[in-house]
Amino acid sequence: MTNEASSPLAKTFTIEDCKDNGKAAPDCGGFAIGEGESALLKLAERRKSTWNKEHSITKDREIIKENADIILDTPLIRDTVIKIPYLLIECCFSLVNKSKEDCPFFLNRVQGDFISRLKKHGSSRPYFILKGRQQGFTTLITAIQLAFAIVRRNFSGFTVADRDDNVKSIFLDKAKMMYSRLPKRLKPTEKINTSNELYFDKLNSSLRVSCASENIGRSRTLSFIHYSEVSFFKCSLASLQKSIQETLVPDAICVYETTANGYGDAKDLWDSGYCINLFYGWWLTDEYSAAPTELSTNDSWLAKRLFYLKQKGLTENQLSWYKRKYESYIDRSAIRQEYPCSPEEAFIACGDSIFDTESISDALSNGEIPYSIGYFSYEKTDTPIRDAEGNILYFNTSITSIKFIKSDTGYIKIVEEPYIKRDKGFIISHPYVIGADTSGSGKDYFAAKVIDNVNGRCVATLHRQIMDEDLFSEQLYCLGKYYNDAVIAVETNYSRHPMRVLRNLSYPSLFSSSAEEYAGFLTTSVTRPLIIANLVTQMRENIQLETDKETLLEMVNFVRHPGGKPQAAEGKHDDLVMASAIARYVALSYSNTETVRRADSYSLKSSFSLDTERNENTFMEW
């Protein structure tokens, strides 16, 4: 064992003397780099063994000092540390635990898992860590950056925190605390040592922490960027990325890390597929365990949750801890935010939606329901209507030859075909209702929802932002004809043009809230609360009625604003919610039973043909 007194290099060799060009693999004197890694792991195991036996911080500091000497005095191990700096953590780093006691920095299970992912994927893609409370990720990522900063030349690490007090916590309570407890030989020469930055001038390396704002990061080239608690950033994540992304070196490591805070930029990033998404459930943290307790409960939600967790394989000790934690909250719904059991719950649980977000979370967890996407093609004919002298009075416009064209760029999703069944000369069909919402001034979307009025299930959804009103109306016409001459209810608060187009096309089943010709559905201070309350009730009682993911996500962001009015959260849309609310409210006034008609009088024969080879569940051929 070497130390500063006995090592022949002790007086002259420090961490700054490690040669590193930051690119080429180190020369290990004929040994494989894996042997250096194995040696470092053995040093870490020796430290763990000593700590477990003696639990002495004084003895641990002696071990750290010895480990540092071995690392610096052994070229193979030294070069391995330059290549994989975070291997220093368990060999030489210390921290202050939750009991405010100094202790070795040994990786817990989730920290170890992230290190394995980092080793496997490197800087190939950003990492997105979605976590529960106090699992140690901010501490780990700070330690990783510190390890790089003290061994890598020209390294620049940067953590962006959500609040000023977290800047202080990350830098002073984590980075500087860990740095202060390192052996002297592992500390490079400092030029800057402030309340949010360490700069080592001989290595030209640094570690810095700042609060999130749109203009940070522009003046420095970065090797490592850590977005801490990204869901809570006050500024736009897109604007922040724009200022930082241009400063990253090609092989920079990027980590987004956060606990839940509803839907927003962070959720959009998670859903984009751009990052390596890592969800760490609370049960992966070993300390979240307690002595067994009685698990039976009269709380129906808790009973259901404990059953779910037991099915996942959690132990009685973990279930007992969760039950006690749940019962300790005054607002017991908070446990879904603080200790989520799925990514969907992590994002949804802390929102202020007027809908039952737990049911929505369950629906989203089941995966997206298969659908066909596309649009309708058709032929439009203008037939002149003449007077007795042959003069053209007006044109009668009709639409025929309706076909659904599958296209990835389409805007109509079909989950279920219209129900039509032939039986002994009769056609049995389901009635449908369509609720439609125009885009208003153009900032919102055109939306339509098709409801099967027998079972209440949403069978199709139209959603598009940029579209002419007459073309939207013609697509509604096709959608309605396709679904058995569905009743169409169009909101006309902003424009009555869609109703005018549908009237001119002689669409047979138009809802109108008054005798006025183009009235359509008017959303007023009287009708709006009614349609929303009805939708909330139906979704609470059976969330499976809604089959469209985007509609469910809009429900998550449909919140009660100051003053009590429920509407889309700032920056979000509610077109699909409103179209659903209209459809389901209007549906209450129409038949909810199958329609039986003689086959020879079936009204859709002019637009569609039927596949007569099938005996049941026969659908219209497109």
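Can you find, within the range 44-70, the residue that is nearest to the chain's Cα centre (by Cα) among those that are assigned to a helix (DSSP H, G or I), small (Gly, Ala, Ser) and surrounded by 12 or more Cβ atoms within 10 Å (Cβ to Cβ)? Even if it seems obvious, please write down each step before you answer.
Keep residues of the range 44-70 that are assigned to a helix (DSSP H, G or I), which gives 44-54, 57-70.
Remaining after also requiring small (Gly, Ala, Ser): 44, 49, 68.
Right, trim to surrounded by 12 or more Cβ atoms within 10 Å (Cβ to Cβ) and you get 44, 68.
Details: 44: 36, 68: 42 Å.
Ranking the qualifying residues of the range 44-70, first place goes to 44.
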Check on residue 238, free of Cβ contacts under 8 Å to residues at least 40 places away in the same chain and surrounded by fewer than 22 Cβ atoms within 10 Å (Cβ to Cβ):
yes
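If you check residue 534 against the conditions, is it at pLDDT 95 or above, of a type outside the set (A, V, I, L, M), open to solvent by less than 50 Å² (accessible area, probe 1.4 Å) and over 17 Å from residue 459 (Cα atoms)?
Values: at pLDDT 95 or above: yes; of a type outside the set (A, V, I, L, M): yes; open to solvent by less than 50 Å² (accessible area, probe 1.4 Å): yes; over 17 Å from residue 459 (Cα atoms): yes.
Yes: the conditions hold for residue 534.
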Qualifying residues in the range 422-441 (those that are assigned to a loop (DSSP other than H, G, I, E, B) and in contact (Cβ under 8 Å) with a residue 12 or more places away in the chain) - the one most open to solvent (accessible area, probe 1.4 Å)
441
Taking the range 286-325 and the residues there that are of a type in the set (Gly, Ala, Ser) and in contact (Cβ under 8 Å) with a residue 12 or more places away in the chain, the one that is surrounded by the most Cβ atoms within 10 Å (Cβ to Cβ) would be 320
For the structure I just gave you, tell me whether residue 507 is touching a residue at least 12 places away in the same chain (Cβ under 8 Å) and buried (at least 23 other Cβ atoms within 10 Å of the Cβ).
no
Evaluate the following for residue 186: is it hydrophobic (A, V, I, L, M, F, W, C), out of contact with any helix residue (DSSP H, G or I) (no Cβ under 6 Å at 6 or more places or on another chain) and closer than 27 Å to residue 67 by Cβ?
no
For residue 78, all conditions in the list (1) in a helix (DSSP H, G or I); (2) surrounded by fewer than 20 Cβ atoms within 10 Å (Cβ to Cβ); (3) at pLDDT below 95; (4) not aromatic (Phe, Trp, Tyr) hold save one; what is the number of the exception?
(2)
Among the residues listed as 394, 375, 371, 419, the single one being at pLDDT below 85, open to solvent by 40 Å² or more (accessible area, probe 1.4 Å) and hydroxyl-bearing (Ser, Thr, Tyr):
394
Matching residues in the range 382-391 (in a strand (DSSP E or B) and open to solvent by 60 Å² or more (accessible area, probe 1.4 Å)) number 3
Counted residues, the range 103-135 - those being open to solvent by 10 Å² or more (accessible area, probe 1.4 Å), part of a loop (DSSP other than H, G, I, E, B) and within 25 Å of residue 62 (Cα to Cα)
3
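Looking only at residues in the range 203-258 that are among the β-branched types (Val, Ile, Thr) and assigned to a strand (DSSP E or B), which one is nearest to residue 123 (Cα to Cα)? Explain how you work it out, then say what you get.
First, the residues of the range 203-258 that are among the β-branched types (Val, Ile, Thr): 209, 216, 221, 225, 230, 244, 247, 249, 253, 255, 258.
Now restrict to residues that are assigned to a strand (DSSP E or B): 209, 225, 249, 253, 255, 258.
On the way: 209: 21, 225: 11, 249: 11, 253: 5, 255: 10, 258: 19 Å.
It comes out as 253.
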Determine which single condition residue 206 fails, assuming it passes every other condition in (1) without any contact (Cβ under 8 Å) to a residue 12 or more places away in the chain; (2) farther than 30 Å from residue 573 by Cα.
(1)
Tally the residues that are under 34 Å from the mean Cα position of the chain (by Cα), among the β-branched types (Val, Ile, Thr) and surrounded by fewer than 20 Cβ atoms within 10 Å (Cβ to Cβ), restricting the search to the range 190-211.
0
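The values are calculated or read from the model by the stated rules, or taken from the named source; none is laboratory data. Note that this is a predicted model, so its numbers are computed, not measured. Every residue, glycine as well, gets a Cβ built from its backbone with ideal geometry; the counts of neighbours run over all protein chains shown. What goes into the accessible areas is simple: the full protein's heavy atoms, side chains included, and nothing from ligands, DNA or RNA. Shrake-Rupley method; radii C 1.70, N 1.55, O 1.52, S 1.80 Å.
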